[in-house]
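Quick notes on the structure that follows.
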């Protein structure tokens, strides 16, 4: 898939410093047409700076960026016509109504804009169209910003920390919206410090820390590459089970707590081996769980600390 | 981006009128104060000077005919500037400026829309002030609405450019209003409106000559007294220079976020 589709965002060798602080250090990556690409990392890692360079709001000291074949800084007005942007912690005028914002934004673009009314319907803001911005809830504000980012029917949508500060339910609703954007053939470039969000939403993620990109791949492959450990927890009354599991070459350790056996090993082979062993020996199990490492663990492994620190 | 400018200007007018203190603070209060003070001052004058404005050379008559209206006009201009500085810093702090920049809108369009809104309200308030003066003022107001409005717009325009520099330097919205007031209101004291420039100590007089309000006051006073425009070409030129210099500086120091 990566080989066939052309990149819509190409960043290579970008560096940005603020005084002695290196915000971006040799950042390079591509975002491919039609994918949801996530930049993940803790606050202050350089995610927003990277995104704002790509959007043409900041200029890197060094390096080249192309978005839809354009230089985002030189061609910023031409580029703004074809991209949609949601900024982190942005606000609108307190007393602007939802519809005024949508209508004004629509008037700014040359290409036939999306139907604002339908957009508000889809985003569940139809009955809030005459409400002032200041009266909206956090989730409603974010949905309005998504509407504004989509108003010009953009080819690439940039979403910076779009679910920060939202409750889990609102967050899930926004995830559905983002998947919806992809299903309409758009490319989505987002940043998040929520590993769960990256895991559930992104086709590919770039892990960023201290202004550098540490690794880029699909969430599954990142986990497989950096955290191959698997843990299987089996609950059984079978007295011989522990010994059978110990004999498996893929199992590195087996520990027992009452009826619960914890088998640790590496790679996906372990899961297959344990399942085969259970069925071949007709071991009666009352519970079977596989504990998979996630992006959180990958981040911990790569940086030596948790993303929340 | 003319379309964007017209639409944004219209939007900002509506938004401004929705502010609880928006219209009251900028339009009603200056006019009410002007009319109220004029009536109080008018009552303390002798009936003779009141009935015939042409012969009124007394100090209190000048006070009512010239100083008070010019002062009110100046307050309108300054409240526009203070309000612009506040709005720009609120918009910057809240990320509204940044959000607007991430559209095909040009930065100049955004700032122009705000300046136009402020000038429109300034002109509207002054027109009201002159009309109210004609109707309720003790000695009547003989100035042409057009001349007075143009003079005030030129003054406001020039002082607004200074406001942009202040808006760039004010760290947060909370400080915008007090800092702008602290800079502008002393300028009023030095402007020659209440104390003639000639009676200021030389040091202060030199400072006053550098301040845009001094020229604004000279222009407004002259126009209010019925002097011709060409007599104040020097004031207009000075205000134009202030405008050019301040725009050049603020385009260098202005911060969007």
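Just a few scattered comments:
- The listed residue being touching a helix residue (DSSP H, G or I) at 6+ places or on another chain (Cβ under 9 Å), modelled with pLDDT under 85 and crowded, with 16+ Cβ neighbours inside 10 Å, out of A:166, A:136, A:144: A:166
- Residue match in segment B:198-206 (condition: closer than 20 Å to residue B:231 by Cα and in a helix (DSSP H, G or I)): yes
- Test: residue in segment A:66-74 that is surrounded by fewer than 20 Cβ atoms within 10 Å (Cβ to Cβ) and facing chain B (nearest Cβ under 7 Å): no
- Any hit, segment A:82-93, residues being away from every other protein chain (no Cβ under 11 Å), closer than 23 Å to residue A:9 by Cα, in contact (Cβ under 8 Å) with a residue 12 or more places away in the chain and surrounded by fewer than 20 Cβ atoms within 10 Å (Cβ to Cβ): no
- Scanning segment B:18-34 for residues that are surrounded by 13 or more Cβ atoms within 10 Å (Cβ to Cβ) and either modelled with pLDDT of 90 or more or within 12 Å of chain A (Cβ to nearest Cβ) (or both) yields B:18, B:19, B:22.
- Unmet requirement for residue B:135, which otherwise passes all of (1) under 21 Å from residue B:67 (Cβ atoms); (2) at pLDDT 85 or above: (2)
- For segment B:99-124, a tally of residues being within 14 Å of another protein chain (Cβ to nearest Cβ) and in a helix (DSSP H, G or I) returns 10.
- Residue within segment A:233-243 that is part of a helix (DSSP H, G or I) and surrounded by 15 or more Cβ atoms within 10 Å (Cβ to Cβ) present: yes
- In segment A:94-118, residue modelled with the lowest pLDDT [restricted to those that are over 25 Å from residue A:76 (Cα atoms) and away from every other protein chain (no Cβ under 14 Å)]: A:118
- The residues listed here are A:44, A:34, A:38; of these, the one that is more than 14 Å from chain B (Cβ to nearest Cβ), out of contact with any strand residue (DSSP E or B) (no Cβ under 7 Å at 6 or more places or on another chain) and closer than 25 Å to residue A:217 by Cβ is A:44.
- The single condition among (1) modelled with pLDDT of 90 or more; (2) at negative phi that residue A:46 does not satisfy is (2).
- Scanning segment B:159-187 for residues that are buried (at least 19 other Cβ atoms within 10 Å of the Cβ) and farther than 22 Å from residue B:90 by Cα returns a single hit, B:187.
- Failed item in (1) in contact with a strand residue (DSSP E or B) (Cβ under 7 Å, 6 or more places away or on another chain); (2) within 30 Å of residue A:40 (Cβ to Cβ), with residue A:250 passing the rest: (2)
- Count - residues of segment B:103-132 that are more than 17 Å from the chain's Cα centre (by Cα) and over 30 Å from residue A:72 (Cβ atoms): 2
- Within segment B:217-231, the residues that satisfy the criterion of being farther than 21 Å from residue B:189 by Cα and in a helix (DSSP H, G or I) are B:229, B:230, B:231.
- Within segment B:83-98, the residues that satisfy the criterion of being crowded, with 24+ Cβ neighbours inside 10 Å and either in contact (Cβ under 8 Å) with a residue 60 or more places away in the chain or facing chain A (nearest Cβ under 9 Å) (or both) are B:84, B:85, B:88, B:89.
- Residues that are closer than 26 Å to residue A:183 by Cβ and in a loop (DSSP other than H, G, I, E, B) do not occur anywhere in segment A:10-29.
The values are calculated or read from the model by the stated rules, or taken from the named source; none is laboratory data. Computed from a prediction, not measured in an experiment: that's the story for all the values here. Every residue, glycine as well, gets a Cβ built from its backbone with ideal geometry; the counts of neighbours run over all protein chains shown.
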